[in-house]
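This report refers to the structure that appears directly beneath it.
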Number of protein chains: 2
Amino acid sequence: MALPKKEQFSEWYSELMKEAELVDLRYGVKGFIVIRPWAMYILKKMYSYYEEILEQYNHMPVHFPVVIPERYLTKEKEHIKGFEGEVFWITRAGFNELEERLALRPTSETAMYPMYALWTSGRKDLPIKLYMSELVWRYETKATRPLIRGREFWWIEAHCAFATKEEAEAQVREDMLTAKKAIWETFGVPFLFFKRPEWDKFAGADYTFAADTLMPDGRVLQIATTHLLGQNFSRPFEFKFMDTDGKEKYAWQTSYGPGMNRILAAMISWFGDDKGLILPFHLAPVQVVIVPIFKDESKKKVLGYAKEVEGKLKALGYRVELDDAEDETPGFKFNKWELKGVPIRVEVGPKEAEAKALTVVRRDNREKQQLSLEEAAKIEEIAKLMFEEMRKKNEEKMRSSIVDAKNWDELKKGIEEGKIGG
Amino acid sequence: MALPKKEQFSEWYSELMKEAELVDLRYGVKGFIVIRPWAMYILKKMYSYYEEILEQYNHMPVHFPVVIPERYLTKEKEHIKGFEGEVFWITRAGFNELEERLALRPTSETAMYPMYALWTSGRKDLPIKLYMSELVWRYETKATRPLIRGREFWWIEAHCAFATKEEAEAQVREDMLTAKKAIWETFGVPFLFFKRPEWDKFAGADYTFAADTLMPDGRVLQIATTHLLGQNFSRPFEFKFMDTDGKEKYAWQTSYGPGMNRILAAMISWFGDDKGLILPFHLAPVQVVIVPIFKDESKKKVLGYAKEVEGKLKALGYRVELDDAEDETPGFKFNKWELKGVPIRVEVGPKEAEAKALTVVRRDNREKQQLSLEEAAKIEEIAKLMFEEMRKKNEEKMRSSIVDAKNWDELKKGIEEGKIGG
């Protein structure tokens, strides 16, 4: 197959979702999609990197139920006003009507904070720094788009609580830092945090910073937010602590939500090309594909050597696929694995078998390099270099798309040139 | 806490859940609990080990929506009969009544198999081997018990499909093998698979094997199941493939569900003692706690050395806590961390500081060993030995609890002696 050119971004994206077997839109409920194995593997890897970073910054995982009783959800007035149009309601169970409706959580502030209040008596119980790597659901009425806008989405939500406003504000800055470490440094997706105007802040927050990235069609995609909640939730939820000065005070809170399926969508869009996906080595379900190239007379020798190469690369800990299907040509296989974004292709033919060598091909620019089998560990260096070079290109593209507008005229001009304000 | 585990298991378990801060039962919806950070960290580790094993056996992760449209759920008649009393129903969203009710999935066969049918045309599309590490919900009407019986539970569900019955039956055996590798070899929980009688098999299965472990009070706890579904689902879901003989055939299916929160409950129960939890080193949120022991005159020296030890152990990659709180005695700290199950305690006092040494204490038997700081990497060996010794004890206990009854009299006698039939 041939994808539409990436310049036709919308068509390219939709086709890629289908052809690379990333998602399936044919599930029988509007706005709910199946995340297929290739994409789910990548998403799980992204989670594990993000979680590792959060844990380095002293967050611990937690689980709160996915259902929120109506009396919790409606406790903070601005919050419920912001979400009431978006909530799925469970009203029945088995053969019974429930006494109280249960919301399928659209976000977890109102599930978590009554418990935070129970866990906190003195200043020594603070700070609390917890995250959940789970799903939320919103009855989205706008047009949906796979991994970008749907009714069920994967995110991380981190909820912190402190004794002072200063600590809470420092947490908002730390959230922006961990976003940078994960989204930019680890996944290669450039973005900028912008403080949201009043009308666009999170329902119940003092202020919101949101991370925007750019999609290839010039549109902005919000991929993470962090909010200073102040004492807006601690007051209605009676989340108090006895301070060292003997006075009872309300906790200061923050919440932070990287949208994991959107970050995946952005990563796919930044790194992909006209031939398909390009995956960073550390996120790829298959990191190296081995394609044997032979004629009848060299078949046995080449296939034997290809297996040796497979063993060697697996012993190095790489995720390897030896594509020895006999009913497909090497060219067909190249296209197939390029579509899937496998970062490194290793070609082995009679010459390589003879010399115990590898021809290593980078997915991004198809640059070829010869390695001896003994040097196979250099594959990871090649892949890392590829990632860093692509990341640098992404950065330059992001930079060139930003205009530092000093007045309305400059902003208008910038927008006409397809840039975003900074 | 000080409760005898064996004699008062039920009280011991409940107290431990609370005192070690594993779960919180005060969430405002019956049967839904909060999994607190200490337990959630362990649970996530268990998931990552289990998933690694499944991936070694060529499973890939996938995500299907948590909601199942009523028309899917009711398609296989035995299945819906088994579950209709247990389903939570979403009937409203935002301000609207939904046109079709959505079930919060009690299990995912009926969500997944319509899609499996779409993904499969020829024999080359099989086998399918996918797993989900997610939640399911059942409107449980029996008494609930934290991590053992509730309305929301964590599990893995793996769903496979094959061209032949033989392959599907081999998958059931493979499921029992991966269960052994994860639950017994990695988590140390002994169990036996039993074929369930007709009346107790999974709703819609040809047959079911279930893994039972023993709790300290002699009760049996089912912690995993694997089912040969045969063609019971492939027929109503039209899940067919064109075989190499040119005939269209229905796929052969299996499903497999390790109950992760139950496995955690069993691990806690097998490994804990009268003082609290005992955690396997590889699963513990904190693997090593350092407790400095000093008087006023040695304080500075001991605390300085304790920090050096902390640095050294962190450099070895261990998860380390230096407990230098000044308002608690060493004895208080010992109890606190023993309750939490930290497998290794390192005591450092003036003597250790002088000699650049460590006193290493095993959580299970409090056996002390002296190491030089240079030998710190031996901590992991000590911890591994501890795990293997405990696992061996668990095995012996399990063995001695099983009676191979040849007739009813022997079975009756065995049960009176607190054993189970095998």
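The values are calculated or read from the model by the stated rules, or taken from the named source; none is laboratory data. What you see is a predicted model, and the numbers here were worked out from it, not measured in a lab. FYI the Cβ positions are ideal-geometry reconstructions off the backbone, even for glycines, and counts take in every protein chain you see.
Given the options B:Y57, B:Y41, name the one that is surrounded by fewer than 17 Cβ atoms within 10 Å (Cβ to Cβ), touching a residue at least 24 places away in the same chain (Cβ under 8 Å) and closer than 30 Å to B:A284 by Cβ. Walk me through how you get there before you give the answer.
Details: B:Y41 fails: surrounded by fewer than 17 Cβ atoms within 10 Å (Cβ to Cβ).
Just one listed residue meets the conditions, B:Y57.
For region B:63-79, enumerate the residues that are of a type in the set (V, I, T) and more than 9 Å from chain A (Cβ to nearest Cβ). Lay out the reasoning, then the answer.
If we filter region B:63-79 for residues that are of a type in the set (V, I, T), which is where we start, we get B:66-68, B:74.
Across region B:63-79, the qualifying residue is only B:T74.
Of the residues making up region B:134-183, those that are β-branched (V, I, T) and under 18 Å from the mean Cα position of the chain (by Cα) are B:V136, B:T144, B:I148, B:I156, B:T178, B:I183. Residue count for region A:272-282, restricted to those that are part of a loop (DSSP other than H, G, I, E, B) and charged (D, E, K, R): 2. Give me the residue from region A:303-315 that is of a type in the set (A, V, I, L, M, F, W, C) and touching an Asp or Glu at 6+ places or on another chain (Cβ under 8 Å) and, out of that set, nearest to A:L371 (Cα to Cα). Filtering region A:303-315 for residues that are of a type in the set (A, V, I, L, M, F, W, C) and touching an Asp or Glu at 6+ places or on another chain (Cβ under 8 Å), the one nearest to A:L371 (Cα to Cα) comes out as A:A306. Taking B:F88 as the residue in question, decide whether it is surrounded by 22 or more Cβ atoms within 10 Å (Cβ to Cβ), at the interface with chain A (Cβ under 10 Å from one of its Cβ atoms) and within 21 Å of A:P106 (Cβ to Cβ). It is true that B:F88 is surrounded by 22 or more Cβ atoms within 10 Å (Cβ to Cβ), at the interface with chain A (Cβ under 10 Å from one of its Cβ atoms) and within 21 Å of A:P106 (Cβ to Cβ).
Between A:K368, A:K333, which is in contact (Cβ under 8 Å) with a residue 40 or more places away in the chain and closer than 28 Å to A:W270 by Cβ? Give the derivation first.
Working: A:K368 fails: in contact (Cβ under 8 Å) with a residue 40 or more places away in the chain.
The unique qualifying residue is A:K333.
Confirm whether A:I290 is under 20 Å from A:P146 (Cβ atoms), under 30 Å from the mean Cα position of the chain (by Cα) and either in a helix (DSSP H, G or I) or not aromatic (F, W, Y) (or both). So A:I290 does not fit the description; no. Looking across B:E374, B:E381, B:E352, B:E389, one residue alone is touching a Leu at 6+ places or on another chain (Cβ under 9 Å), on the phi < 0 side of the Ramachandran plot and assigned to a helix (DSSP H, G or I). It is B:E352.
Among the candidates B:G349, B:G304, the residue that is surrounded by 19 or more Cβ atoms within 10 Å (Cβ to Cβ) and in contact (Cβ under 8 Å) with a residue 40 or more places away in the chain is uniquely B:G349.
Scanning region A:111-147 for residues that are more than 22 Å from B:I90 (Cβ to Cβ) and either in a strand (DSSP E or B) or of a type in the set (V, I, T) (or both), we see that the one that is nearest to the other protein chains (Cβ to nearest Cβ) is A:L130. Kindly indicate the residue of region A:24-52 that is more than 9 Å from chain B (Cβ to nearest Cβ) and outside any loop (DSSP other than H, G, I, E, B) and also farthest from the chain's Cα centre (by Cα) among those meeting that condition. Selected residue: A:E52. For region A:101-110, the condition holds for no residue, the condition being that it is surrounded by fewer than 17 Cβ atoms within 10 Å (Cβ to Cβ), within 8 Å of another protein chain (Cβ to nearest Cβ) and farther than 16 Å from A:N261 by Cβ. With the condition kept exactly as written, say whether any residue in region A:53-62 is among the β-branched types (V, I, T) and at the interface with chain B (Cβ under 9 Å from one of its Cβ atoms). Yes, region A:53-62 contains a residue that is among the β-branched types (V, I, T) and at the interface with chain B (Cβ under 9 Å from one of its Cβ atoms).
Please enumerate the residues belonging to region B:8-23 that are within 11 Å of chain A (Cβ to nearest Cβ) and in a loop (DSSP other than H, G, I, E, B). Let's see the steps before the verdict.
Kept after step one, since they are within 11 Å of chain A (Cβ to nearest Cβ), are these residues of region B:8-23: B:21, B:23.
If the condition is that a residue be within 11 Å of chain A (Cβ to nearest Cβ) and in a loop (DSSP other than H, G, I, E, B), then B:E21 is the only one that fits.
Just to be sure, is A:E352 at pLDDT below 95 and over 21 Å from A:E19 (Cβ atoms)? Against the criterion (at pLDDT below 95 and over 21 Å from A:E19 (Cβ atoms)), A:E352 does not qualify. Residues that are without any contact (Cβ under 8 Å) to a residue 40 or more places away in the chain, in the same structural domain as A:D217 (by TED's automatic domain parsing) and among the β-branched types (V, I, T) are absent from region A:16-27.
Let's see how each residue does on (1) more than 22 Å from A:P236 (Cα to Cα); (2) in the same structural domain as A:Y256 (by TED's automatic domain parsing); (3) among the small types (G, A, S); (4) surrounded by 20 or more Cβ atoms within 10 Å (Cβ to Cβ):
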site	(1), (2), (3), (4)
A:Y116	no, yes, no, yes
A:R138	yes, yes, no, yes
A:L147	yes, yes, no, yes
A:E152	yes, yes, no, yes
A:H159	no, yes, no, yes
A:T164	no, yes, no, no
A:A168	no, yes, yes, yes
A:A182	yes, yes, yes, yes
A:E185	yes, yes, no, no
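Residues of region B:148-171 that are away from every other protein chain (no Cβ under 13 Å), farther than 19 Å from B:T213 by Cβ and in a loop (DSSP other than H, G, I, E, B): B:A163, B:T164. Within region A:214-227, one or more residues are farther than 30 Å from A:R123 by Cα and free of Cβ contacts under 8 Å to residues at least 12 places away in the same chain.
From the list A:K419, A:K397, A:K384, which one is within 20 Å of A:R196 (Cα to Cα) and either of a type outside the set (D, E) or modelled with pLDDT of 80 or more (or both)?
Sole residue among the options that is within 20 Å of A:R196 (Cα to Cα) and either of a type outside the set (D, E) or modelled with pLDDT of 80 or more (or both): A:K419.
Quick check on my filter: what residues within region A:234-273 are among the hydroxyl-bearing types (S, T, Y) and either buried (at least 22 other Cβ atoms within 10 Å of the Cβ) or not assigned by TED's automatic domain parsing to the domain that holds A:I156 (or both)? Correct list: A:S234, A:T254, A:S255, A:Y256, A:S269.
Which residue, of B:G276, B:G218, is closer than 25 Å to B:I148 by Cα, of a type outside the set (K, R) and either in the same structural domain as B:V342 (by TED's automatic domain parsing) or surrounded by 20 or more Cβ atoms within 10 Å (Cβ to Cβ) (or both)?
On the way: B:G218 fails: either in the same structural domain as B:V342 (by TED's automatic domain parsing) or surrounded by 20 or more Cβ atoms within 10 Å (Cβ to Cβ) (or both).
Exactly one of B:G276, B:G218 is closer than 25 Å to B:I148 by Cα, of a type outside the set (K, R) and either in the same structural domain as B:V342 (by TED's automatic domain parsing) or surrounded by 20 or more Cβ atoms within 10 Å (Cβ to Cβ) (or both), namely B:G276.
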